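Visitor: Attaching a single structure in structure tokens format; questions to follow.
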Amino acid sequence: MVAVFLAGIAAGTINTVVGSGTLITFPTLVAIGLPPVTANVSNTLGLVPGSLSGAIGYRRELAGQRDRLVRLGSASVLGGVTGAFLLLVLPAAAFKSIVPVLIGIGLLLVVFQPAISRRVAARAESRGVERPEHGALWVWVLVYVTGVYGGYFGAAQGVLLMAVLGIGLTETMQRNNATKNVLAMLVNLVAAVVFLFRAEMNWTAVALIAVGSVIGGQVGATVGRRLPSWALRGFIVVVGLAALTQILVFG
């Protein structure tokens, strides 16, 4: 119980700053003897309060983003539901080969995001086209795809979201991080609702992770909001590489 609680704190902290907290809580639940699917669905529900805690911690950066959150949130909700159903009906190996590829692409996009964003902006300006305030249609589509992945498993969901938002929106990294926290929370929430009716939960694990992740969400917001853009980008890359390594080595 102590191990699961501490894992919840760590996951809540990392999820708020960047994402990938699942790579701490999920292996912990499996290590104490929970079946993988039960561990995954219990973890998803347990992390919802932590995501909400992190979003509240970033409330200043969320100011003025209501319309954007409604638009992109619809993509996250639909994606989360899709991913949750895929987890329940597809064999476990179905997504295993694509997960490292998605994380790797996300990391490259985060690293080269400033240069790509400048190029996208310059191309739009040369054509006399203004970039939509809340992102073009492809941003909505990629947020949906990320939601599918998040509803299915969720490790490094934040890395992928930060890559998409960083290139598709004309915002600071901190405001994008605030948006990311809300979108990830919506994915976990709707996936958890699906799991409530279709899968077996371990309610002790859910409660321990929930309480721990709420604490971690506040810690993560305090730390993350103080990081300059270059440091936040570096942290995302480090966490993403750790996630990629764990998945490739341990599966």
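Visitor: Mind jotting down the distance between the C-alpha centroids of segment 1-71 and segment 169-190, whole Å?
Guide: About 13 Å separates the Cα centre of segment 169-190 from the one of segment 1-71.
Visitor: Moving to a separate point now. Compute the distance in nm between two label points, each set 7 Å from the Cα along the Cα-to-Cβ direction, one at Ala63 and one at Val2.
Guide: Those two pseudo-labels are separated by 4.3 nm.
Visitor: Give, in nm to one decimal, the length gained when the segment between Ser229 and Ile56 is fully stretched (0.36 nm per residue of separation minus the Cα-Cα distance). Please report the intermediate quantities before stating the final value.
Guide: Working: separation 173, 0.36 × 173 = 62.28 nm, distance 2.03 nm.
Length gained, Ser229 through Ile56: 60.2 nm.
Visitor: Can you work out the Karplus-derived ³J(HN,Hα) for every residue in segment 69-84? Use 6.51 cos²θ - 1.76 cosθ + 1.60 with θ = phi - 60°, whole Hz, and x for glycine or proline.
Guide: 5, 5, 5, 6, x, 5, 5, 5, 4, 4, x, x, 5, 4, x, 5
Visitor: Suppose R0 equals 22 Å; then what is the FRET efficiency for Val30 and Thr222 from their Cβ-Cβ distance, rounded to the nearest 0.05? Don't jump to the answer; show the numbers that get you there.
Guide: Values: r = 30 Å, r/R0 = 1.36.
E between Val30 and Thr222, to the nearest 0.05, is 0.15.
Visitor: To the nearest 20 Debye, how big is the dipole of segment 2-250 about its Cα centre, given +1 on the beta carbon of each Lys and Arg and -1 on that of each Asp and Glu?
Guide: In total the dipole reaches around 500 debye.
Visitor: Among 217-228, 59-70, how do they line up by average Cβ neighbours within 10 Å per residue, starting with the highest?
Guide: Values: 217-228: 18.9, 59-70: 13.8.
Ranking the peptides 217-228, 59-70 by packing returns 217-228, 59-70.
Visitor: Additional query: For Thr204 and Leu248 in one chain, what is 0.36 nm times their gap in residues minus the Cα-Cα distance, to one decimal in nm? All intermediate terms of the calculation are to be shown ahead of the outcome.
Guide: Numbers: separation 44, 0.36 × 44 = 15.84 nm, distance 2.96 nm.
So the chain would gain 12.9 nm between Thr204 and Leu248.
Visitor: For Phe112 and Thr172, calculate 0.36 nm times their separation in residues minus their Cα-Cα distance, and state this gained length in nm to one decimal.
Guide: Numbers: separation 60, 0.36 × 60 = 21.60 nm, distance 1.51 nm.
20.1 nm is the gain from fully extending Phe112 to Thr172.
Visitor: From the Cα trace of segment 2-250, what convex hull volume per residue do you get, rounded to a whole Å³?
Guide: Values: hull volume 26.9 nm³, N = 249.
Enclosed volume per residue, from the Cα hull, is 108 Å³.
Read-outs throughout are calculated quantities, based only on the coordinates presented, and are distinct from any laboratory measurement. Since we're looking at a predicted model, the values are computed, not measured. Because the Cβ atoms are built from the backbone with ideal geometry, glycine has one as well, and the counts that use them run over all protein chains shown.
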